[in-house]
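Trainee: Pasting a structure below so you can have a look.
Bear in mind that the values in this text are calculations on the coordinates, not laboratory data. Quick caveat, the model's predicted, so the values are computed rather than measured. Cβ atoms come from the backbone with ideal geometry, glycine included; neighbour counts cover every protein chain shown.
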Amino acid sequence: MDLRLPEPLLSDLEAGGLHCIVFDQVPENPTIASVEAGVHRYRSAKCDSLIAFGGGSVMDCAKGIGARVGNPWLSLRWMEGLFRVLLPPPPLACIPTTAGSGSEATVAAVFTDTERRRKFAIADLKLIPKFTVIDPGLMSDLPPSITAAGGLDALTHAVESYIGRNGSHWSNRKALSALKRIHRWLPQAFRQGSDENARLQMALAAHEAGEAFTRTNVGYSHAIAHALGSFYGLTHGVANAIVLPLVLRWSQPACERKLADLARAIELQSGDDSDHALGLRFIGWIDALNRSLKIPVGVIQLRREDIPMISRSALNEAHPSYPVPRLMTQHDCELLLHQLLTGASPKTLIVDS
Ligand SMILES: [Fe+2]
């Protein structure tokens with residue numbers, strides 16, 4: 001971690017009489033081992049609370065550290081799933097430095113199990129941070145690639161929350177608001193990172209999308225993106241961005257009206273405004289946004305022989321808890337993944353940041 005960013009925070013806390021220990025060994029996709037290293041650091045320094053200062057990986061890692069500190073006899077793997085964090089973790093404050101995961105607003109944290117080549121989530125109300133500080137000034141130096149990956153992760157949260165079957169009036173309102181902000185401000189934050197209003201709007205969008213999906217859950221884009229991430233280490237937001245249009249095309253027959261709502265929210269009406277036409281236009285808008293943000297159309301690391309295993313991993317994650325509008329079989333998922341092998345050329349190598 002570049003310590004210049006949290007330096008003012010550290011000196012203010014010290015001035016207020018709070019002594020802080022910095023743990024900065026968090027990989028891009030936090031692993032069980034990285035959580036355990038944080039737990040060891042927490043215990044050896046006799047800490048009593050946590051501040052997560054960073055992106056989604058840092059916030060998720062802090063949630064994992066807290067869950068393990070609060071429940072020392074439970075492994076992270078045992079806590080996988082819903083409501084298995086039995087005792088409360090120590091207080092956690094989140095200060096996001098990217099606009100994407102919305103983890104500062106959610107019950108969930110995602111970890112990579114390197115031994116079993118899979119990602120898994122733990123989700124519990126006790127993981128919701130006690131405090132969150134959103135400061136767009138912390139995001140002004142983010143490179144365009146991270147701005148794009150974060151923004152498209154937030155877009156996927158908003159869209160999957162809206163088209164899923166768990167939506168409420170409240171969550172739908174949050175998802176639509178996030179979508180409108182992303183539509184208006186993500187290209188500007190990508191082009192001109194120093195635009196503080198664009199950064200603020202994107203931070204709010206990520207937060208709102210987090211507030212939506214923490215109540216509704218996500219869908220197949222996340223399940224497949226997690227599987228691709230655990231196999232090839234792809235950046236989460238980039239994997240989501242690549243997969244989302246394919247999942248929406250496949251899901252459209254079961255969510256025509258909802259996709260049309262999303263299109264209307266960003267004013268894509270013109271000429272043929274049937275639900276079907278609007279839905280196609282919305283998916284086309286995501287394709288165009290991906291292109292403008294330099295998102296690859298395929299996954300060059302993807303190997304044909306891995307597809308059955310990646311599909312199984314994705315569907316194991318999605319079923320039965322993701323409230324998807326249309327159920328996917330193993331065969332459907334494999335066909336979808338094949339499109340990533342044969343996507344429009346030229347393919348681009350995804351390099352982890
Ligand atoms: Fe996500």
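Trainee: Taking Cα pairs under 8 Å and at least six residues apart, what relative contact order does the chain come out at, in percent? The partial results should precede the final answer.
Mentor: Values: 642 pairs, mean separation 51.5, N = 353.
After rounding, I find 15 percent.
Trainee: Another one. Based only on other Cβ atoms within 10 Å, what is the fewest-to-most ordering of 160, 80? Could the numbers behind the result be given before it?
Mentor: Numbers: 160 30, 80 15.
Ascending number of Cβ neighbours within 10 Å: 80, 160.
Trainee: OK, next. Please tell me the relative contact order of segment 7-133 in percent, rounded to the nearest whole number, where contacts are Cα pairs under 8 Å and at least six residues apart. Before the final figure, lay out each step's value.
Mentor: Numbers: 217 pairs, mean separation 32.2, N = 127.
About 25 percent, as a whole number.
Trainee: Calculated from DSSP H runs of 4 or more alone, at -39500 (n - 2.57) each and per residue, what is the 222 nm mean residue ellipticity of the chain, nearest 500?
Mentor: Values: 12 runs with 182 residues, N = 353.
My calculation for the chain gives -17000 deg cm²/dmol from helical runs alone.
Trainee: To the nearest 0.05, what FRET efficiency results for residue 195 and residue 331 with a Förster distance of 41 Å applied to their C-beta separation? Walk me through the numbers before you get to the answer.
Mentor: Numbers: r = 46 Å, r/R0 = 1.11.
Taking R0 as 41 Å, the efficiency between residue 195 and residue 331 is 0.35.
Trainee: Sum up the charges of everything whose Cβ sits under 13 Å from the Cβ of residue 136, counting Lys and Arg as +1 and Asp and Glu as -1, but leave residue 136 out.
Mentor: On the way: positive: 181, 199; negative: 135, 141, 195, 196.
My count for the surroundings of residue 136 gives -2.
Trainee: Still on this structure, I have one more. Counting other beta carbons within 10 Å of each residue's own, what order do 337, 13, 228 fall into, fewest first?
Mentor: Details: 337 23, 13 14, 228 28.
In order of increasing Cβ crowding within 10 Å: 13, 337, 228.
Trainee: Name the residues of segment 74-106 whose amide N is less than 12 Å from a point 7 angstrom out from the Cα of residue 131 along the C-beta direction?
Mentor: 91-95
Trainee: Quote the relative contact order of segment 143-341 in percent (integer), defining contacts as alpha-carbon pairs under 8 Å separated by 6+ residues.
Mentor: Numbers: 292 pairs, mean separation 51.9, N = 199.
In percent, rounded to a whole number, it is 26.
Trainee: Could I ask something else about it? Sticking with the crude label model, points 7 Å out along Cα→Cβ, report the distance from residue 274 to residue 166 in nm, one decimal please.
Mentor: 3.3
Trainee: Please give the FRET efficiency for residue 257 paired with residue 113, using the beta carbon to beta carbon distance and R0 = 51 Å, rounded to the nearest 0.05.
Mentor: Working: r = 38 Å, r/R0 = 0.75.
It comes out at approximately 0.85.
Trainee: Then there is this: Could you tell me which of the pairs 258/294; 126/294; 130/258; 46/126 are separated by over 30 angstrom between their Cα atoms in the structure shown? Walk me through the intermediate numbers first.
Mentor: On the way: 258/294 27 Å; 126/294 38 Å; 130/258 33 Å; 46/126 21 Å.
Correct reply: 126/294; 130/258.
Trainee: Ok, one more. Peptides 238-245, 148-155: what's the order by average Cβ count within 10 Å, highest mean first? Working shown, then result.
Mentor: Values: 238-245: 26.2, 148-155: 28.8.
The densest-packed peptide leads the list: 148-155, 238-245.
Trainee: Additional query: Do any GluC sites (Glu not before Pro) in segment 243-344 lie in a DSSP loop with no more than 13 other beta carbon atoms within 10 Å, and if so, which?
Mentor: Working: sites: 256, 267, 305, 317, 334; in loops: 267.
Hits after loop and neighbour filter: 267.
Trainee: For segment 232-237, what does the Karplus curve 6.51 cos²θ - 1.76 cosθ + 1.60, with θ = phi - 60°, yield as ³J(HN,Hα) per residue in whole Hz, taken in order and with x for Gly and Pro?
Mentor: In residue order, the calculated couplings are 10, x, 5, 4, 4, x Hz.
Trainee: Connecting C-alpha atoms closer than 10 Å in a GNM of the chain, tell me which of 29, 172, 316 has the biggest fluctuation.
Mentor: Residue with maximal mean-square fluctuation among 29, 172, 316: 316.
Trainee: Next up: Tell me the label-point distance for the pair residue 141, residue 173, using the 7 Å Cα-to-Cβ offset, in nm and rounded to one decimal.
Mentor: Each label point is offset 7 Å from its Cα along the Cβ direction, giving 3.9 nm.
Trainee: Given the options 131, 190, 53, which has the most mean-square fluctuation in a GNM of the chain, springs set between C-alpha atoms less than 10 angstrom apart?
Mentor: 131
Trainee: Follow-up. Report, by chain and number, residues whose modeled amide H sits under 5 Å from the one on residue 52, excluding near sequence neighbours (fewer than 5 apart, same chain).
Mentor: Long-range HN contacts for residue 52: 93, 94, 95.
Trainee: Quick one: order 114, 98 by neighbouring beta-carbon count within 10 Å, fewest to most. Can you show the working numbers first?
Mentor: Values: 114 14, 98 25.
Going from least to most buried by this count: 114, 98.
Trainee: Between residue 235 and residues 5 or more places away or on another chain, which pairs have amide H atoms under 5 Å apart, with H built 1.01 Å from N, and which residues are they?
Mentor: When sequence neighbours closer than 5 places are left aside, there are no close amide H contacts.
Trainee: Okay, next question. Given labels modelled 7 Å from the Cα in the Cβ direction, how far is it in nm from residue 37 to residue 86?
Mentor: Those two pseudo-labels are separated by 2.9 nm.
Trainee: Another question, then. Over every pair of different alpha-carbon atoms in the chain, take the mean of 1/r and invert it; report that Kirkwood radius in Å. Write down the numbers at each step before the final one.
Mentor: Numbers: mean 1/r = 0.0489 Å⁻¹.
Kirkwood hydrodynamic radius for the chain: 20.4 Å.
Trainee: Moving to a separate point now. Taking the Cα centroid of segment 162-185 and of segment 217-289, what is the distance between the two, rounded to the nearest whole Å?
Mentor: Distance between centres, Cα-based: 13 Å.
Trainee: Still on this model: Taking every DSSP beta bridge with both residues inside the chain, roughly what % is antiparallel (nearest 5)?
Mentor: Values: 6 of 16 bridges.
Just about 40 percent of them are antiparallel.
Trainee: Something else about it: I'd like to know how segment 143-341 sits against the 2.2 N^0.38 Å rule of thumb: what's its Cα Rg over that expected value?
Mentor: Values: Rg = 15.8 Å, N = 199, 2.2 N^0.38 = 16.4 Å.
Relative to the rule-of-thumb radius for its length, segment 143-341 sits at 0.96.
Trainee: To continue, here is another question. What range in the chain is the longest one free of trypsin sites (Lys or Arg not before Pro) that are in a loop by DSSP and have at most 10 other Cβ atoms within 10 angstrom?
Mentor: Details: sites that count: 4, 46.
The answer is 47-353.
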